[in-house]
Structure formats: structure tokens, C-alpha cells
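Structure first, commentary second.
The values are calculated or read from the model by the stated rules, or taken from the named source; none is laboratory data. These figures come from a predicted structure and were not determined experimentally. Quick reminder, even Gly has a Cβ in these numbers, built from the backbone with ideal geometry, and neighbours come from all protein chains shown.
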Amino acid sequence: MENFQEFQNAAHKRGFVEVGESEEGPVLWLKKKPPTTARDTHQLMCIDSLRNSATVYWMSVPGGVNSKTFRGTSGLEEWFELRPETSVQR
């Protein structure tokens, strides 16, 4: 449960807000607040306390969804720091 709270705190620091909990299990869904950059468009995060993980989902190009799963908050925070800003070409 400790990791769940750490993931939740890291998500909140990055502008994610809670959108709901799963009725079928210990899962919390969060979404990015209104985007400040094109990179932030449609970012979602799922924190799963049973698997002790957090998965971030984002769109890299129109219609393309990517995801990355983390087992610890340090990896999640490093990924947020290292991930370059990109913009969606239209």
C-alpha cells in the first residue's frame, strides 16, 4: 500500500487528477490536467495496488497510443524528467 501512495503523490506532482477507481479491484485512474504542451495530450495513468505498478498511457501521434509501466516511483519520476517535449504535427 505504501507504493500506491507514492505513485499517487508522484502523479499529483505532475498534474494528474483522479478520475475514478475500479469497482472490480484496487485500481485508481488519473488523467492529466488540461495540457500545457502537445505532449501532455490525452495522458492517463493507472495505479494498480495488486500488481504494485503504475502505467502511463499517452498519444504520440494522432490515433497512436503508447504506454509505459513502472514498478517503482523512482523510475516513474526519472521517466518524467527525461522524456523530451514533443509536439504533434497536424
Only one of 40, 48 that is of a type in the set (Asp, Glu) and at pLDDT 85 or above:
48
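State whether the residues of the range 25-34 include one that is modelled with pLDDT under 75 and basic (Lys, Arg). Steps first, answer last, please.
So in the range 25-34, the residues modelled with pLDDT under 75 come out as 25, 33-34.
Filter once more, so that each one left must be basic (Lys, Arg): 33.
Yes, the range 25-34 has at least one match.
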In the range 52-90, what count of residues is obtained for those that are at pLDDT 90 or above and part of a loop (DSSP other than H, G, I, E, B)?
3
Can you tell me which residue within the range 55-80, out of those that are surrounded by fewer than 12 Cβ atoms within 10 Å (Cβ to Cβ) and of a type in the set (A, V, I, L, M), is nearest to residue 42 (Cα to Cα)?
65
